[in-house]
Ligand SMILES: Nc1ncnc2c1ncn2[C@@H]1O[C@H](COP(=O)(O)OP(=O)(O)OP(=O)(O)O)[C@@H](O)[C@H]1O
Ligand SMILES: [Mg+2]
């Protein structure tokens, strides 16, 4: 097998990189895939997330800490490509970090989570420059924005839809709502799938996002 590599990146802190990384990883595992999450952030949030699981139900994907590799993440990740179906790299937020650039050099897909509020969008626009740089070396790189923490009944959501085209990056149709269950999932070291009926809308969001990711690759949804 040769893993498909997804880099989840955005210099803006708190946009949902780790939440999206862990949920995609969990959803791929539920579909029978072997998944590695590369925790490339010194904050080690993905590592702690997985460590919060209880012994009976460990987090379904492997999580490895590679923050020390910094700008050499791409070299380290290459060592794992024959062992997994999917590798998801959870990048750190800092604008001056070499990690997102390194991760996007070997990624098949870059996912940029954005919170739909104008200040968050302004702060995140720098990622476009990083992507443009990486496209010179990695022509197969696809990129998608995913709107996260959406509160759809607000005017802001509408204004943001107008701002998003400025990014020149396609947007996933699936939008992830602001929901407490996403926070709870981290606390129990799992995904919203473990939270039952209360999480049914969130589960649907994650499943349709996973379908959209799969559809970008040969063979369509898995
Ligand atoms: N859709 C959501 N609904 C509710 N809370 C969310 C959602 N997505 C993320 N959060 C919460 O927002 C906070 C930041 O999310 P997360 O850690 O995933 O962002 P991040 O981009 O990885 O942050 P950092 O830049 O610090 O690595 C966390 O408390 C998380 O639980
Ligand atoms: Mg994070």
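The values are calculated or read from the model by the stated rules, or taken from the named source; none is laboratory data. None of these values were measured; they are calculated from a predicted model. No Cβ is skipped: glycine too gets one built from the backbone with ideal geometry, and neighbour counts run over all protein chains shown.
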What about residue 82, is it away from ligand 2 (no atom under 16 Å from the Cβ), in contact (Cβ under 8 Å) with a residue 24 or more places away in the chain and closer than 19 Å to residue 193 by Cβ?
no
Going residue by residue through the range 144-161, is there one that turns out to be surrounded by fewer than 16 Cβ atoms within 10 Å (Cβ to Cβ), assigned to a strand (DSSP E or B) and within 15 Å of ligand 1 (Cβ to nearest atom)?
no
Number of the condition not met by residue 13 [criteria: (1) within 16 Å of ligand 2 (Cβ to nearest atom); (2) modelled with pLDDT of 95 or more]:
(2)
Report yes if residue 18 is under 20 Å from residue 96 (Cα atoms), at pLDDT 95 or above and in a helix (DSSP H, G or I), otherwise no.
yes
Residue by residue through the range 45-74, note down the ones that are in contact with a helix residue (DSSP H, G or I) (Cβ under 7 Å, 6 or more places away or on another chain) and either without any contact (Cβ under 8 Å) to a residue 12 or more places away in the chain or within 14 Å of ligand 1 (Cβ to nearest atom) (or both).
45, 46, 49, 52, 63, 65
Single residue of the range 24-34 satisfying the filter (over 13 Å from residue 146 (Cα atoms) and within 16 Å of ligand 2 (Cβ to nearest atom)) that is surrounded by the fewest Cβ atoms within 10 Å (Cβ to Cβ)
26
Could you tell me how many of the residues in the range 167-212 are under 28 Å from residue 127 (Cβ atoms), within 12 Å of ligand 1 (Cβ to nearest atom), in contact with a helix residue (DSSP H, G or I) (Cβ under 8 Å, 6 or more places away or on another chain) and without any contact (Cβ under 8 Å) to a residue 60 or more places away in the chain?
6
With criteria (1) within 15 Å of ligand 2 (Cβ to nearest atom); (2) modelled with pLDDT of 95 or more; (3) crowded, with 17+ Cβ neighbours inside 10 Å, residue 48 comes up short on (3)
Failed condition for residue 129, given (1) modelled with pLDDT under 95; (2) more than 16 Å from the chain's Cα centre (by Cα); (3) closer than 26 Å to residue 215 by Cβ, with all others met?
(3)
Among the residues in the range 115-126, are any at pLDDT 95 or above and either farther than 25 Å from residue 171 by Cβ or within 15 Å of ligand 2 (Cβ to nearest atom) (or both)?
no
Restricting attention to the range 75-104, report how many residues are closer than 15 Å to residue 8 by Cβ and touching a helix residue (DSSP H, G or I) at 6+ places or on another chain (Cβ under 7 Å).
14
